[in-house]
Amino acid sequence: MPTKYYLAFASSKELEGAAIELLDRRARGVKESHVPLMESTMDYFIPEMLHAFLVGTVDAIGLSNMSTKVVHSTADVIGKTSKMLMPHLLKKRSNQELDPMISFVDEIYIRPQQADNGKAGTGCEMDKATYDRMKRVVGGIQAGDVAGNRDELSELMSLTVDLLLEGLMKRAIGLLKHGFVVRKIADGAIATCQAAGHGVVNKVFKKLDDEQMLHLANYFETLIVTAER
């Protein structure tokens, strides 16, 4: 099996269980609507993703009160925007219409036996060049060369925002057919999330001191995962 590269977070038992049940229901050809379970899966997925990539950094880095507020408010904006969008995307969808979305859940669900860390996870795939770059920059900071890698780590944090939006949000939305109104709502939600994500990078991550940069690198390393699948 080929090696794949991910920005990924460890899934809770609840998120993993919801994903497994969703995939099992499809495999068994259950006729009842998959919409409620898909909504439940997203209810776990969205806050867990935001915690992993935003809120979790607060504890890992040791941010000031002001920076902590920026991170939490950003997570709140993205969370509310995403939650507002989901009913528009899933409303009145048949199981057949939802099938591409369920396949997407299958793609982003990393089984424990596949992952290099042995944990069930949810991940956004990236190419090997980006993975290697992230590992190199993180390793450089951990080796003590903060100054030589500071700017590039900041660039990678901005890239992370775009990778997550492209690989998780935009791609999932694009799998379903939408009318004009829902398309405009989705475009607005994506723009809001992108602006919020880049805002926290510019306001917080680009202004860390050397010790905080080391903590960020150590934490970021836990989100870089490979899987054999």
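Would you confirm whether or not segment 71-94 contains a residue that is in a helix (DSSP H, G or I), farther than 23 Å from Gly188 by Cα, open to solvent by 30 Å² or more (accessible area, probe 1.4 Å) and not aromatic (Phe, Trp, Tyr)?
no
If you scan segment 116-128, which residues turn out to be open to solvent by 10 Å² or more (accessible area, probe 1.4 Å), small (Gly, Ala, Ser) and touching a strand residue (DSSP E or B) at 6+ places or on another chain (Cβ under 9 Å)?
Across segment 116-128, the qualifying residue is only Ala120.
Quick test of your reading of the structure: Asp59 fulfils all but one of (1) in a loop (DSSP other than H, G, I, E, B); (2) at pLDDT below 95. Name the failing condition by number.
(1)
Just give me the residues in segment 95-146 being more than 27 Å from Met42 (Cβ to Cβ) and either free of Cβ contacts under 8 Å to residues at least 24 places away in the same chain or not in a helix (DSSP H, G or I) (or both), in sequence order.
Residues satisfying the conditions are Ala129, Asp132, Arg133, Arg136, Gly139, Gly140, Ala143, Gly144, Asp145.
The values are calculated or read from the model by the stated rules, or taken from the named source; none is laboratory data. Everything numeric here is computed off the predicted structure, so don't read it as measured data. Don't worry about glycine lacking a Cβ; one is built from the backbone with ideal geometry, like all the others, and counts go over all protein chains shown. Side chains included, ligands, DNA and RNA excluded: accessible areas come from the protein's heavy atoms. Shrake-Rupley method; radii C 1.70, N 1.55, O 1.52, S 1.80 Å.
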